[in-house]
Amino acid sequence: MDTMQYGYSVCDLSHISRNETLFTLANGYLGLRGDSEEAEGSYHKGTYINGLYDSEPIIYGESAYGYAKNHETILNLPDPKRIELEVDGLPFSLKRGVIKACERGLDFRTGQLLRHVDWIADGGQRIHLDTMRMVSLAEKHCAVIRYTVSAIDQPMHIQITSYLDLSSHNQGSEDDPRVGSKFSSAPLQIRKTETGEGMLSFIAHTRNSNFTLSGAAVHRLLGQEVEEKLDPSRLSISYSLTLQKGESVTLEKYIAYTHEDEDAIFLAKKSAQKGIAYYEHSQKAFLDEFWKVAQIHIEGGEEYEQALHFNMFHLLQSCGRDGKTSLSAKGLTGEGYEGHYFWDTEAYALPFFTYVKSEFARSLLEYRYSILDKARARAKTLSLKGALFPWRTISGEECSAYYPAGTAQYHINADILYAVQKYLAATASQVPSMFVEMAIVTARMWMSLGSFAPSKEGKFCIHTVTGPDEYTACVDNNAYTNLMAQNNIDFAISIVEEYRQKQKRLPLEVLPPELE
């Protein structure tokens, strides 16, 4: 068994939804769900940018002071993966014709999703379809697809149509945010589309959260001289040609998506100039460096070894690394939990990066620092001192409409600072002022939340909290919460003393007014 790849060689259509999640490719910024290029037979076609969300007010049957105000939901963006194939007018689909062979594999060393289908159309025409998909780990806005069709035993007319599919939308769910979301109207509004020689593009704007998104795809057809047909109404480009027996044609698709101050058309054209070989080389170089540290060998346990490598690869793909985004509950595989960031990142995922890719761990902690002002505002709303980090969020505001499982999980403050503590211990780095500030304001929250209770022999007690199990809500003196709060306070004291000794002062922004 090759433990550095995962795939299948038997086509089972009952596993489509699961496989789309497992075969997701991403780079911490852009995520392409592992759905097939063709629409028919896909379960849910998904394209995501980490942290790109829209919001709308939470509607309560009866509201109260301190309740979260807005939903925040990651958006399913126009689909750049869609490519449709017709063979002598017959559409290619795994639900049609005869499948002679069907293989798909995710290679952890190259970061590529490979697919091979040996297919016979209802008219008897036999083709091989080979595709390669890759989301660049080196250039966060870029992805590439290579799509090759081969005529096996007879001449045939084929048509390849590539899209930026604007019909993609979020998966709906009225009651369960683990599945999907609900919007009162379309959250992403297409403002402009453009077509040109080998190029498709769009510009869109979110309805409430004020993001601008631009996307583009540049195409190159190899092996044939064919006139392209642009369809602005469907934002598609088609190529029609005849393949003789044994001939092949390859379409290369260079994709660029951005919600930053970048030009997607420029990025896609530049990507096409570099070519797929450039991205294959840079992808492997990135992963070679990662696996040099991360790869694990389990003697006599190949299946466990493969499972570990699979999970490490998905963690690497899902992790925000710009200091402005984090790692959402479902990574960039879908819309479950609405793309929210939870404390699970700091408790479970961040320690992995601390020891394997410490610069990513720091980026995740920088994200928490970037939302510290909103955590301060949340604490003030709840009449607490310092700062209180949210249970569920993207922008930094609390998004959970269920107070007992959300806001009452005060332990989140301590979880985040425990991750800081582990990071500093593992990297032996100089203590940055942002960590000192985070330690102080989170410790202040505990001192204002709890109290020394005469009925408990003067011991410090913390009442009405929800522990990490989330099922026993609003209890007194939860063991995990109390122990983590104690650690948070002790760590704050130690990090302040260490910072004072080395810097001779504290950053002014964290001092209480009476000491400034």
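Listing for the model above:
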item	result
Where the chain is the region considered: accessible area per residue in Å², 1.4 Å probe	43
Portion, in percent, of the accessible area of the chain that falls on carbon or sulfur, probe 1.4 Å	50
Peptide ranges 409-420, 36-47, 448-459 listed from the most packed, as the mean C-beta count within 10 angstrom indicates	409-420, 36-47, 448-459
Estimated D of the range 306-443 in µm² per second, where Rh is the Kirkwood radius over Cα pairs and Stokes-Einstein applies at 37 °C, 0.692 mPa s	216
Globularity index of the range 1-132, i.e. its alpha-carbon radius of gyration over 2.2 N^0.38 Å	1.38
Rounded if a/c under 1.5, otherwise prolate or oblate - the range 176-308, Cα gyration tensor axes	oblate
Size of charge dipole - the chain - debye, nearest 20, with Cβ of Lys, Arg +1 and Asp, Glu -1, no other charges	1060
Kyte-Doolittle mean at least -1.0 and Cα axial length at least 30 Å: DSSP H helices in the chain	479-503
The chain: relative contact order in percent, alpha carbon pairs under 8 Å with at least 6 residues between	14
Sorted peptide list for 28-35, 58-65, 151-158, 198-205, criterion being average Cβ within 10 angstrom, highest first	28-35, 198-205, 151-158, 58-65
Kirkwood estimate for the chain, i.e. one over the average of 1/r between Cα atoms, Å	25.0
Normalised contact order of the range 1-127, rounded percent, pairs of Cα under 8 Å and 6 or more residues apart	26
Euclidean distance of C-alpha centroids, the range 291-369 and the range 207-237, integer Å	32
Among 483-489, 6-12, the order from most to least packed when residues are scored by Cβ within 10 Å on average	483-489, 6-12
Hydrodynamic radius (Kirkwood) for the range 111-242, which is based on Cα pairs only, to one decimal in Å	17.9
Entries in 81/357; 292/330; 422/502; 269/330; 192/357; 45/95 that, when Cα-Cα distance is taken, lie over 28 Å	81/357; 269/330; 192/357
The range 423-440 versus the range 54-114: alpha-carbon centroid distance in Å	38
Student exercise, the range 201-283 dipole from Lys, Arg, Asp, Glu Cβ charges, in Debye to nearest 20	140
Percent RCO, i.e. relative contact order, over the range 349-460, from Cα pairs under 8 Å lying at least 6 residues apart	25
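The values are calculated or read from the model by the stated rules, or taken from the named source; none is laboratory data. Here the structure is a predicted model, which is why all the values come from computation and not from measurement. For neighbour counting, all protein chains shown are included, and Cβ atoms are generated from backbone atoms with ideal geometry for every residue, glycine included. For the accessible areas, the whole protein counts, side chains as well, though only heavy atoms, and no ligand, DNA or RNA atoms are used. Shrake-Rupley method; radii C 1.70, N 1.55, O 1.52, S 1.80 Å.
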